[in-house]
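The values are calculated or read from the model by the stated rules, or taken from the named source; none is laboratory data. Nothing here was measured: the structure is a model prediction, and the numbers come from that model. We place every Cβ from the backbone using ideal geometry, glycine too, and count neighbours over all the protein chains shown.
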Amino acid sequence: MDVHVLVEKQRQEIDMLLRVQNEKFISVLQRLSSQHISSVLKKKNEEITKANTKMIELQNHVWKLETGNQLWQRTARDAEAAVVALKSALERVRKESNEASSECCSSSNPRTPEKIVLSCRTCRSRDSCMLILPCRHLCSCKTCDWMNQLCPVCNSVKNGSVEVLFQ
Ligand SMILES: [Zn+2]
Ligand SMILES: [Zn+2]
């Protein structure tokens with residue numbers, strides 16, 4: 001056998017061996033990288049799922065906050081409207097009481113109107129406490145009322161009388 005041919009054969013064998021080794025190596029590399037990629041993808045997917053869940057939670061939270069805010073705003077609006085209604089009612093009552101007090105009372109202090117007690121028109125000493133009917137004049141004390149047949153103010157015929165109680 002020629003040395004040259006032998007060397008050539010050896011070279012070819014080595015070459016083939018290297019090629020096989022290389023192919024094996026490449027396939028291992030590919031498998032590893034595909035495993036790595038899939039694991040990375042899996043991890044990424046998990047992260048995406050987690051992020052989605054988190055986002056949904058956040059959206060729910062925001063929605064709850066908005067709903068709560070809307071409820072709160074509505075409650076505040078209702079309360080505001082109630083306050084406005086109360087204020088206007090109070091203002092009306094105050095106005096009416098002012099008008100009423102300025103109408104009936106020329107006293108310096110309208111908040112504490114003096115007790116108006118008229119003296120009896122007959123005896124002029126005791127307080128009037130009897131309301132004469134039907135004219136409705138409050139002008140007689142109890143004692144004089146028994147004796148009076150006519151109203152001492154308008155002289156109309158009395159058909160009855162009612163005692164008025166002052167507090
Ligand atoms: Zn009297
Ligand atoms: Zn009278």
Of (1) surrounded by 12 or more Cβ atoms within 10 Å (Cβ to Cβ); (2) away from ligand 1 (no atom under 16 Å from the Cβ); (3) modelled with pLDDT of 90 or more, PRO110 satisfies all except one. Which?
(3)
Restricting region 127-156 to residues that are in a helix (DSSP H, G or I) and hydrophobic (A, V, I, L, M, F, W, C), the residue that is nearest to ligand 1 (Cβ to nearest atom):
CYS144
So GLN12 ticks every box in (1) surrounded by 10 or more Cβ atoms within 10 Å (Cβ to Cβ); (2) modelled with pLDDT under 90 but one. Which box is left unticked?
(2)
